[in-house]
Every structure is written in C-alpha cells, then in structure tokens.
Ligand SMILES: [Zn+2]
C-alpha cells in the first residue's frame, strides 16, 4: 500500500515536473511574445494620445443661465419627453446689488472663458450678450456639437438666510443621459469642492435631479453650478465684487483642471 502511494505520488510529481518543464518553454514564451508586442503597441498608442492631448486640451462648454428676457413658450424637458417646460425661466436677482441673475452669470462666464483659455482650453459659450433668445434645449444642443463637457452657471434665490453654493447633477437613472452619470458626478464634485475652497463659500453639496431641460438634452458630461444666493446680502455682494468674481472664476477653473487630472 505504501509503495503504491509512493509510486502514485512519484507519478504525480513526475507529471508536475514534466508540466513545469514543458509549459514554460512553449506556450508561455509565445504568450510572452504576444504580450510584449501588445504592451509596446498600446504604449505607443498611449504616448501619441498623450502628446495629442497636450497639444489640444478639451473644449469646455459654458452656459450662462437665463437671458435678458425669459421665454415662457414651452419645449420638452428631454428627448421624446411629454413633459413641457418654459424655454428659459426669468431667474432671480440681487437683493442688495439689484443685479439680474442673467447679468451675473454672463459676467462670470466671460471671465471664466478668459481664464480657461489662459490655461489652454478651448471654450464655447452659449451666449456672450444678454440680448438673445436661446432655449435651454438649444443651449444643450449648441454645446453638444463641439464641447467635451458642459457647465451651466446659475445663482440661487430663496429666503434671505440661505447661503452658499451647490451643484445640480442628473442621477444614474436619468432616462436620457444615465450613461454619463459617473462623469457628470465627478465633474460636479470637482467643481463644487474647488469652488468652495477658492471662495470660502459654504459647500451645500450636490443635488440630484432629472427634470432640468438643459441637462437632459446634453450628450456630454454636464453639471449646473448654483454659485451662491442672490437673495442673501452677503453672497450677493460677494458675487459682484472684483475679489469675489476672481475667486469664483479661479475655483471653477481649478475644478475643471481637477476633473481632467
Ligand atoms: Zn437660474
């Protein structure tokens, strides 16, 4: 019995020995060779992609929310949706500065364009004047054409004590752009963190909603920044001050840098 076990063990060891001798020689080397080729070619592809990226940074789409006159005519709030919403709502205004939201979002968008171009990005704005009539759906479509990401700029309105900044991002169950959720969510968190760190504003976090027309029509990662409360005296004055605007613009640009890092 002992002998038998011994010879079985021996046979097993021999087989194992034979396998270690044979296996490494033929298939592994062939496999190794293939791997080496693959690694070299993917490395090459990566290098050319990286150098291409260095030459051409992404194109950032910015939508300064609202416009000189709102448009209450309706449009579907998503592709194929039966829910109709106003093409462009009126927006809020500054309790202290009396500045309309559409003017504030335009000021920040124009300064942000300059800042981002200085950092090597290309920038597309949905509007560079207040005297336009562009619906939220049309704004999304314009940015879809040539941009890599879309950032929608707004300011909040509520009771006088509400203060701070927040993002509005679509959910992972959005019927139109669920596939963009991870990227949109990353973009949202990069921007709100950098924005609040640059401005010292209260970070109200990310609100998730799927009823925003300008977001639902997007085909690129998209987020909406509520830059602060125009109905709060302190936020309102800060957002119209030179120091405040410089910090706001730096914060948003830093957030975009962080997203692409
Ligand atoms: Zn707004």
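The values are calculated or read from the model by the stated rules, or taken from the named source; none is laboratory data. A quick note: this is a predicted structure, and the numbers were derived from the prediction, not measured. Note that each Cβ is placed from the backbone with ideal geometry, even for glycine, and that neighbours are counted across all protein chains shown.
Remarks
- Yes/no for residue 140 being away from the ligand (no atom under 13 Å from the Cβ) and more than 18 Å from residue 240 (Cα to Cα): yes
- Total residues in the range 157-180, condition out of contact with any helix residue (DSSP H, G or I) (no Cβ under 8 Å at 6 or more places or on another chain), in contact (Cβ under 8 Å) with a residue 12 or more places away in the chain and not in a loop (DSSP other than H, G, I, E, B): 1
- Listed conditions (1) closer than 23 Å to residue 236 by Cα; (2) loosely packed, with under 15 Cβ neighbours inside 10 Å are all met by residue 173, apart from (1).
- Test: residue in the range 184-199 that is assigned to a loop (DSSP other than H, G, I, E, B) and crowded, with 16+ Cβ neighbours inside 10 Å: no
- Residue among 135, 96 that is touching a strand residue (DSSP E or B) at 6+ places or on another chain (Cβ under 7 Å) and either farther than 25 Å from residue 177 by Cα or within 16 Å of the ligand (Cβ to nearest atom) (or both): 135
Here's the yes/no breakdown for (1) at pLDDT 95 or above; (2) more than 30 Å from residue 236 (Cβ to Cβ); (3) within 16 Å of the ligand (Cβ to nearest atom):
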residue	(1), (2), (3)
27	no, yes, no
43	no, yes, no
82	yes, yes, no
110	yes, no, no
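- Among the residues of the range 176-186, not a single one is within 16 Å of the ligand (Cβ to nearest atom) and under 16 Å from the mean Cα position of the chain (by Cα).
- Restricting the range 128-137 to residues that are in contact with a helix residue (DSSP H, G or I) (Cβ under 7 Å, 6 or more places away or on another chain) and touching a residue at least 40 places away in the same chain (Cβ under 8 Å), the residue that is surrounded by the fewest Cβ atoms within 10 Å (Cβ to Cβ): 130
- Annotation: residue 206 fulfils all but one of (1) within 17 Å of residue 191 (Cβ to Cβ); (2) free of Cβ contacts under 8 Å to residues at least 40 places away in the same chain; (3) surrounded by 15 or more Cβ atoms within 10 Å (Cβ to Cβ); the unmet one is (2).
- Test: residue in the range 241-248 that is surrounded by 23 or more Cβ atoms within 10 Å (Cβ to Cβ), closer than 24 Å to residue 126 by Cβ and within 16 Å of the ligand (Cβ to nearest atom): yes
- Residue match in the range 213-227 (condition: without any contact (Cβ under 8 Å) to a residue 60 or more places away in the chain and either under 20 Å from residue 57 (Cβ atoms) or within 14 Å of the chain's Cα centre (by Cα) (or both)): no
- Counting only helices (runs of 4 or more DSSP H) that sit completely within the range 202-261, those holding 2 or more residues that are over 24 Å from residue 116 (Cβ atoms) correspond to 213-216, 233-240.
- Residues satisfying the criterion are absent from the range 55-69 (criterion: away from the ligand (no atom under 16 Å from the Cβ), at pLDDT 95 or above, out of contact with any strand residue (DSSP E or B) (no Cβ under 9 Å at 6 or more places or on another chain) and not in a strand (DSSP E or B)).
- Criterion (farther than 30 Å from residue 98 by Cβ and at pLDDT 95 or above) met by exactly one of 185, 203, 237, 232: 185
- Qualifying residue in the range 107-114 (condition: touching a residue at least 12 places away in the same chain (Cβ under 8 Å) and farther than 21 Å from residue 257 by Cβ): yes
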